[in-house]
Amino acid sequence: MNRQIAIGTALCGLVLLVVGVLFVWFPVLYLLFTYEDRVVEWMQVYLLLIAGGLFFYQASRQHSYRLFFMLMVLLCFYVVGEELSWGQRLFGMQVPELFLRHNLQQEINLHNFIVGPYDTFIKRCSEWVLVFLLVFSAFYAHSFSTRLKFIKFVKLRFAPPPPVFLISFFIAAALLELRLLGVNEAEIAELLITFSVAVYALFCWRKKRELQNNNLFWQGSFLLISTLILALLTMMFMLQFPSLQAGMDARMNVGKKKFAQRYSRLGMMSQSTGLYFDLYKQDAEQPWLLRSLAENHRLTGDEEGFNRFNAQAIALDLGHYISRSNEVEINLSLFASYIQSEQRGQAKKYLKRAVQNAVEQINSSPDSADAFYWLGRVYQIVGEKKLAIQQFEQAVKLNPDGVIYRRAWYQAAQL
């Protein structure tokens, strides 16, 4: 038993080491590995399909544990569907109105109705429940759990114990689910969980056929490598279709922005700046991006770099201001750039104009959701949280399908 635990720990440690190397030294590869529609997600799909097939085979061939195996088949099928948004992105399916209005990611899946893409009380509770189940699974796998009569009964009549080989995977997944760093650890946890489910299914299948399970290290390694290859081939195949590639690239750019902010928060400035520069190469005329690069240079003590990128942001907005001086967005962007460079007089001037323009837009277009949205953004900046929430709520009432308004309302209420 101790040997199997050690072997499982070695394989789990190897996986985490690879992930750690990608995270620290290869941020873009880490995103390609963990982000939506990328390697980890497809590995999960293939691992669950393998597990579901093995569980179904066993449920159809034996009476003992049949109910449990069928429940596992249904669970595998459901999770695969949720991971792929039930084929929405793959087949360009029209998203029903119910999902447009109540799913902040506007995807055909159920879990985002409950936990969503942002931190909520329900989401945190769900994560702690999962952490408990993972820790319990590690306990359930070990033979000393049979000292409890109830556990022994459950193992004999309802669910066979997983191999002790998986104990390290359960514990590691539980720790990652806590999201202590906030850098997509949950995706790695999901990979460890789905891998554990696939190994569990394989273990039960081999045990029923009275085959030796001593070489779980090599079986597990084969599962990881084969599903990794399948995931990479699937990604390459998807990139052959312009519509799919455009969506994947757009989501990747969102990921680069999020992770650049997360790396910066962790003090990993070279990784953060690298991701920002990756976006800068694609489109250098984004004021928020120029401000972000300026701030990163300031945090690393490069005042020249800070002044250069901040000046570019201001010049870019002033160029747009000539023809769009009545737009709240332009005025708020100028306010942000000037406040960043501590030019408070200029910042105050453009904030005042943003307030005036927002109020004028509402007076002239009281049915415009966009006008209320931008007034809400102004209130956010001046620290009027309740007023900001009211404006976002009104924007949602005027345009319930506008995801940008729903997200702003949701995020403002969560802060």
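Quick note: the coordinates plus some simple rules give every number you see, no bench work behind them. This structure is a prediction, so every number in the text was calculated from the model and none was measured. Here the Cβ is made from the backbone with ideal geometry for all residues, glycine too, and neighbour counts use every protein chain on show.
Extending 7 Å from Cα along the Cβ direction at L228 and again at A311 yields two label points whose distance is 4.7 nm.
Overall, the chain carries a charge dipole of about 1600 debye about its Cα centre when +1 sits on the Cβ of Lys and Arg and -1 on the Cβ of Asp and Glu, all other atoms neutral. The spread of Cα positions in the range 177-334, taken along each principal axis and listed from longest to shortest, comes to 78, 38, 24 Å.
Note on the chain: with a GNM built from Cα contacts shorter than 10 Å, the maximum mean-square fluctuation among M236, M72, M43 falls on M236. Sum up the charges of everything whose Cβ sits under 11 Å from the Cβ of L192, counting Lys and Arg as +1 and Asp and Glu as -1, but leave L192 out. For residues surrounding L192, the net value is -4. Descending by average beta-carbon neighbour count within 10 Å, the peptides 187-198, 297-308, 272-283 line up as 187-198, 272-283, 297-308, the highest first. Place a label point 7 angstrom from the Cα of I404 along the Cα-to-Cβ direction, then list the residues of the range 330-367 whose backbone nitrogen is under 14 Å away. From the range 330-367, the list is 330-333. With a Förster radius of 60 Å applied to the C-beta separation of V359 and L181, the computed FRET efficiency comes to 0.90. The value for the chain of Rg(Cα) / (2.2 N^0.38 Å) is 1.17. Mean-square fluctuations from a GNM of the chain, with a 10 angstrom spring cutoff on Cα atoms, peak among K258, K352, K208 at K208. You can think of it this way: the chain between F139 and S221 has 27.2 nm of extra reach, that is 0.36 nm per residue less the Cα-Cα gap. Remark: for residue pairs K348/K385; K352/K386; K258/K281; K256/K348; K155/K208; K257/K397, the C-alpha separation exceeds 24 Å in K256/K348; K257/K397.
Mean sequence separation of contacting Cα pairs (under 8 Å, at least six apart), scaled by the length of the chain, corresponds to a relative contact order of 15 percent.
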